[in-house]
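Notes follow once the structure below has been shown.
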Amino acid sequence: MFSDLRQYPRFEYRMQSNDNVPSHMNRQWQGQNEAHREQIILSKLFTGNDAFVVPPRTYAHVDVSGKERAKYFRKPLLPFIENVQPPAIFDSSDKHHGLTTTRVSTSYQSHKQRTMVNSPTTKTQSIQTDYMEREAQTDPYTPEYVCKPGEQPEVLTLATLMHNKGLPAGLAEVEMIERARAKRAWEASLPSLNDENQWDNRFKMMSEMERHEWLLRENEIEKLQNIRIELLESLLKENESKRYDTSINRINKQWSQKQIEREDYVKKNRLYYLRAIRSLLHKRQHVETRYEKSDIIKDYIRYESESYAPLTRHGYFPDKLTDKYIIKSRYLDTYQGLLELESTLPSSALKIKLHAPKRQNTTKAGFLKRNYRRERDLENIYKGIINEKLKEPEEPKPLKFLIKVEKPLPRPPTPGVDVPDLQNEEREVGLIYLQKILRGRAIQNMMYRGKEERIELIKEMRSTHALQERDMNEKKLEKQDVQVQQYKQRKDVKREEFIDAILQTYEGEAVSNVVDFLSKELIRLQEERRIEAFAILAERNRRLREAEESGLRQVLERRRREEDEIFKQLLKMTQNTVDTYLEDVILESMNECASEQARIEIQEKAIHINEIANEIEQRRTRFESEGIVAELVHGFLIPEIAKQESRGK
């Protein structure tokens, strides 16, 4: 009932035919002749025309005394007679070997027997049979079991159980047997149907039993559903375990394959590493120091060379001639000079103007971004506070309930800080920055002056310390270190130059490819422009030809329209002539037919009127004829005389 499986549908459709007509009956309408007869009768009734002939009814031939006799007799229904004798009574009292004597009371007698007054109502008739009674008798039916009247053994309730279908009996079968016993006991305890007073009690008991059976059925269905769910869960778990095992096997297989590939790759890398180390050792054994002459052109081409940036370890000291870079000016050394310098500067140099960038608060669709919603809320709150402050105080309203409410003590005013002017603040910042620069420059000048004043002492101290033996050894060691570093540096420079050469070759290839591509693109653009020019010329020629041909086409179309119009006018003229001819013919024929028909009708009416007039004249008397003459005179002569008099007046 509650299954969702395809092989166990919860319901199915069965179409039953409600046609009670047997298949051997003719389904065609048999009343066609009768309907035609009724239509003729109605036409004759409404029109009163005797020309409609009603066909007589025809009935099929029925063999009453033959094969269709059974349709025309039946057993009489006599409710006032209690015991109705059957139409035939077989008397088996007289029996002989091979003979059977039968007394028949017939209900159908012939006309001759009805006319006979003294004929008996019954008669004895002997019938000869082909077989004896013991030969015609078959084996009697013997049932499998016979129950005593009024008894129903409990074993019979288990007759439907079979092997593997309830037998051997289990817990479910035992519960079914117990329920059957309880059902039989309940049926025995039901009140009798003959007692009308116990009908309500019987109905209650039956409804309770039905509810109980429904509960049992629902429990059985729930058990079946639980069993199916458990089976489904077990199948799902089994499928899941199989799928997991297959995935684990596949992963293990792939892992083992990857491990084999990794070991092979490691072996190959190890061999390559050993070969590379051996080749490097072999090359290192045959290394010879090469000294290359410095190229001045290359040094000046490269801006990172020592020509542009000499090194201190090569004997160049950048702080040697720093005095020539010292700026000595009265505008920087004196206060009056600073004021003059400041007065020469434009006002825009002293006032820093920084324009804050405009923030994009909204999206393209016009909605406010999420980051600025809190700012909007704070602005709304601030506006509300400002409005509350600017709002005029309202007049105190009278007390509603005459209760004095104590107001809280006012809070002390919030201390504030005076905001400085923005222009003054920017000016102060600029002055502070200028003071820092000037102080730094003054300290630097003081250091240079002290160095120049004590330069002789410094040189003397350097010379005395250089003469010491220890210092000389240190100088030698430093010299050796410098030489080693220079050798390493030259080596690094050579390597860098080699790398630069490789990079320059790659750059040259890239540049050549780009230039080649650009040259090809230039050629392609030139070809496209030339083709475009050809296309424009071809289009211009095509338009000129179309313009020349359009004139010829217009002339041809004008001629074609004129010819079509001439042809239409000719067709219209011929059609009009045909129409007028046909109209004349039809009108003449209609006039002739109408005149002929009118002549015939007038003649018929004249004949009819003459007949009527003759009959009236034959029946009319003298006084009636005089009255007719007077009416004619009054209807024709007097109006004419009156008309002439009116005209004369």
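Residues that are surrounded by 11 or more Cβ atoms within 10 Å (Cβ to Cβ), of a type in the set (A, V, I, L, M) and under 20 Å from Ser347 (Cβ atoms) within the range 430-445 comprise Leu431, Leu434, listed in sequence order.
Of the residues Met176, Met205, Met209, the single one that is surrounded by 10 or more Cβ atoms within 10 Å (Cβ to Cβ), in a helix (DSSP H, G or I) and at pLDDT below 85 is Met176.
Of all positions in the range 554-563, at least one carries a residue that is within 60 Å of the chain's Cα centre (by Cα) and open to solvent by less than 90 Å² (accessible area, probe 1.4 Å).
Matching residues to (1) assigned to a helix (DSSP H, G or I); (2) modelled with pLDDT under 80; (3) open to solvent by less than 90 Å² (accessible area, probe 1.4 Å):
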site: Val578; (1), (2), (3): yes, no, yes
site: Leu582; (1), (2), (3): yes, no, yes
site: Glu592; (1), (2), (3): yes, no, no
site: Ala613; (1), (2), (3): yes, yes, yes
site: Gln644; (1), (2), (3): yes, no, no
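Taking the listed residues Leu271, Leu280, the one that is modelled with pLDDT under 90 and either in a helix (DSSP H, G or I) or touching a helix residue (DSSP H, G or I) at 6+ places or on another chain (Cβ under 6 Å) (or both) is Leu280, with no other qualifying. Of the candidates Lys183, Lys223, the single residue that is within 30 Å of Glu144 (Cβ to Cβ) and either surrounded by 11 or more Cβ atoms within 10 Å (Cβ to Cβ) or among the small types (Gly, Ala, Ser) (or both) is Lys183.
Could you give me the residue pairs with C-beta distances under 8 Å whose first residue belongs to the range 370-390 and is under 16 Å from Arg359 (Cβ atoms), whose second residue is open to solvent by less than 100 Å² (accessible area, probe 1.4 Å) wherever it lies, and which are 6+ apart or on separate chains? These pairs meet every condition: Tyr372/Asn361; Arg376/Leu368.
Mind checking whether some residue in the range 33-44 is more than 30 Å from Asn226 (Cα to Cα), under 60 Å from the mean Cα position of the chain (by Cα) and of a type outside the set (Lys, Arg)? Yes, that holds for at least one residue. Selection of first residues in the range 351-367 that are under 17 Å from Gln423 (Cβ atoms) and of second residues that are basic (Lys, Arg) and open to solvent by 90 Å² or more (accessible area, probe 1.4 Å), restricted to Cβ pairs under 8 Å at least 6 apart or on distinct chains, gives the following pairs, ordered by first then second residue: Lys351/Arg427. If you check Leu503 against the conditions, is it modelled with pLDDT of 85 or more, part of a helix (DSSP H, G or I) and of a type in the set (A, V, I, L, M)? Considered against the rule, which asks whether it is modelled with pLDDT of 85 or more, part of a helix (DSSP H, G or I) and of a type in the set (A, V, I, L, M), Leu503 comes out as no.
Looking across the range 40-59, just one residue is open to solvent by 70 Å² or more (accessible area, probe 1.4 Å) and at pLDDT 80 or above, and that is Pro56. Can you run down the residue pairs with Cβ atoms below 9 Å, 6 or more apart or on separate chains, where the first is in the range 304-317 and within 24 Å of Lys479 (Cβ to Cβ) and open to solvent by 60 Å² or more (accessible area, probe 1.4 Å) and the partner is outside any loop (DSSP other than H, G, I, E, B) and modelled with pLDDT under 80? Note: pairs meeting the criteria are Glu306/His314. Taking every residue in the range 476-496 that is under 18 Å from Lys298 (Cα atoms) and pairing it with any residue that is modelled with pLDDT of 85 or more and not small (Gly, Ala, Ser), at least 6 positions away or on another chain, yields no pair with a Cβ-Cβ distance below 6 Å.
The values are calculated or read from the model by the stated rules, or taken from the named source; none is laboratory data. Keep in mind the model is a prediction, meaning the values are calculated, not measured. Cβ: placed from backbone, ideal geometry, glycine included. Neighbour counts: every protein chain shown. Keep in mind that these areas ignore ligands, DNA and RNA; they rest on the heavy atoms of the full protein, side chains included. Shrake-Rupley method; radii C 1.70, N 1.55, O 1.52, S 1.80 Å.
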